[in-house]
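Student: Quick one: this structure, given as structure tokens, is what I'll be asking you about.
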Amino acid sequence: VFHAVHPGWVDTPGVEESLPRFHRVLSPVLRTPDEGADTAVWLLADDGEPATTTGEFWCDRRQRGIHRLPSTRRSDTADRRRRLWDEVCAAVGI
């Protein structure tokens, strides 16, 4: 089983250092590290739906679509996915 997780915007030192204005404005609504880790931990521990699916993208314990914009949907082709997989395999020596 393999899944990808988006933790949401989490109040971390990396966000604060890399995006200081963003952090200053949005810090009241940023997630805590525990909140950001919630879905990943849930996926590991839940023996229901997460264990019976694979290759999904999750946020807030829900499966989400991977395309937010039409332009990313158009560029996501089977050929590009295969080429990326081939590059990853070559990089790690398998």
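Student: Estimate the FRET efficiency between Glu17 and Leu69 by the formula 1/(1 + (r/R0)^6), using the beta-carbon distance for r and 22 Å for R0, to the nearest 0.05.
Tutor: 0.20
Student: While we're looking at this one, here's another question. In debye, nearest 20: dipole of the chain around its Cα centre with unit charges on the Cβ of K, R (+) and D, E (-)? Please list the in-between numbers first.
Tutor: Numbers: 13 positive and 15 negative charges, 129 e Å.
Using Cβ point charges on Lys, Arg, Asp and Glu, the chain gives about 620 debye.
Student: Quick check on the chain: helices-only [θ] at 222 nm, where DSSP H runs of length 4 and up contribute -39,500 (n - 2.57) each and the sum goes over total residues. Nearest 500, please. Before the final figure, lay out each step's value.
Tutor: Details: 6 runs with 51 residues, N = 94.
Value at 222 nm, helices only, nearest 500: -15000 deg cm²/dmol.
Student: Follow-up. With a ≥ b ≥ c the root eigenvalues of the C-alpha gyration tensor of the stretch 28-70, is it rounded (a/c under 1.5), prolate (a/b larger than b/c) or oblate? Intermediate values should be presented prior to the final figure.
Tutor: Numbers: a/c = 3.39, a/b = 1.10, b/c = 3.08.
Oblate, because a/c is 1.5 or more while a/b does not exceed b/c.
Student: Given contacts defined as C-alpha pairs under 8 Å and at least six residues apart, what's the relative contact order of the chain, whole-number percent? Write out the running numbers ahead of the final one.
Tutor: Numbers: 73 pairs, mean separation 30.4, N = 94.
Reported relative contact order: 32 percent.
Readers should treat all values here as calculations from the given coordinates under stated rules, not as data from a laboratory. No experiment lies behind these values; they were computed from the predicted model shown. So basically every Cβ, Gly included, is an ideal-geometry build from the backbone, and we count neighbours across all protein chains shown.
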